[in-house]
1. Within 10 Å of each candidate Cβ there may be at most 12 other Cβ atoms; applying that plus a DSSP loop requirement, which GluC sites (Glu not before Pro) in segment 1-104 survive?
2. Identify which of His297, His161, His370 has the largest mean-square fluctuation in a Gaussian network model of the chain, with springs joining Cα atoms closer than 10 Å.
3. Is segment 38-107 best put as rounded, prolate or oblate by its Cα gyration tensor, with a ≥ b ≥ c the root eigenvalues, rounded for a/c under 1.5, and otherwise prolate when a/b is larger than b/c, oblate when not?
4. Please compute P(r) over all alpha-carbon pairs of segment 132-182, binned at 10 Å starting from zero, and give each bin as a whole-number percent.
5. Could you work out the Kirkwood radius for segment 259-391, taking every pair of different alpha carbons, averaging 1/r and inverting it, reported in Å?
6. What's the angle, to the nearest 10 degrees (0 to 90), between helix 246-256's Cα axis and the longest principal axis of the chain?
7. Starting at 0 and stepping by 5 Å, how many percent of the alpha carbon pairs of segment 86-213 end up in each bin?
8. Any idea how far apart Asp384 and Thr45 come out in nm if each label point goes 7 Å out from Cα toward Cβ?
Amino acid sequence: MTDSKNLFTRLSHNGRAGTHVYGFVNPPVHRGSTVLVENMAQRRTNQARRLEQVLTYGVAGTPTHWPLENVIADIEGGTRCQIVSSGLAACTVPLLAYLGAGDHVLIPDSVYGPVRGFCDNFLSRMGVTTTYYDPCIDAAGIALLFRPSTKVLYLESPGSHTFEVQDVPALSAVAKTHGAKVLMDNTWGIHHFQPFTHGVDVSIQALTKYVGGHSDVLLGSITVNSDPDWERVRSTSGQLGMYASPDDCWLALRGVRTMAVRMERQEKSAIEVAQWLAGRPEVKEILHPALPGARGHDIWKRDFTGACSLFGVVFQPGFAPEKIEAVAEALQLFGMGASWGGFESLALPSGTMPRTAGSGDFGGPMMRLHVGLEHPADLIADLDQAMKRLHANEP
């Protein structure tokens, strides 16, 4: 549970022994599989405490995993956190925890692509039925989609490609009336959105993004706010043999120390870049909920305390997708690749993600931008020169 100290202070001090303890400022890396005990009584005690932070076997966690779990639980405003091997694992483990044969799950049409693949393939083979819904649906609309077999309402707000902001409190309230669990991918809103105060039961983070911060770690987290949810998530993770490298956890702990500073800088830079793009005649729309007048801005303003550095650009419909690809290829400071949240800026033509619920038509070709730690003036200059490709070979 969060305390009264500022996030900058908490991220500097939580998950450490403390400033007055003699020794290195960061906890060491604990690698290992076998954990020795002095006698069988101790072994039985440890096994009985399997849901706690106690050494039983390497896959159950170590003193390197636990400080990271505690820090993430604090950031998310929850009570317990399970670290897993990737952001995708953080999505799939809780789905498996709450769904079984004959169950039904509601998934936003804008969902992270691999989650759609998991539902369409793995869950369908288990006998779980998925309904994809318009992410901008209201409470009355979502209520019509619930069935007696609906066990999970899944949220991703904003969507990580098209940035639809969902009315999480309203949708969660409907789920509660139907006895369904609310799972939310909160990666975009890390520390800017407190999921458990808005009705979420399980919050998902891709720690690969802002927590790692350097594009060199694959990790995910699953945070809960109740003992029954903790037992469900923790047990499922253990039964699946989910494990995260202690070396990656150590790197994430190091990354989290500077996360608030990086995100503050990247938020400001991203808004500056987005505002510049909004003034370009080649641009039809900016998909950035922190901008006044943008889609989802009113809900964002009500529920969020800030924004991250990832947003979308919709170009005028007259430009062919090949032109957008040429712009991305001409950029010099923006790398072209997936993921986000690192120190370097990224650009990726988008808008081709599968949609089956009638959402996602923004009227023009699209590009997703992640703004890193470069100076925004340099990024704007880079975009300016690259966008000249839009007019190449014009009469």
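Here, each number is a calculation from the coordinates, and none is a lab measurement. It should be emphasised that the depicted structure is a prediction, and the values quoted were computed from it without experimental measurement. Cβ sites come from the backbone with ideal geometry, for glycine too, and all protein chains shown count toward neighbours.
1. Filter output for segment 1-104: Glu38.
2. Top of the fluctuation ranking is His297.
3. Values: a/c = 2.59, a/b = 1.55, b/c = 1.67.
Taking the square roots of the gyration eigenvalues as a ≥ b ≥ c, segment 38-107 is oblate.
4. Pair shares across the bins are 26, 59, 15, 0.
5. With all distinct Cα pairs of segment 259-391 included, I get 15.1 Å.
6. 60
7. Histogramming segment 86-213 at 5 Å steps yields 2, 11, 24, 26, 22, 11, 3, 1, 0 percent.
8. 6.8
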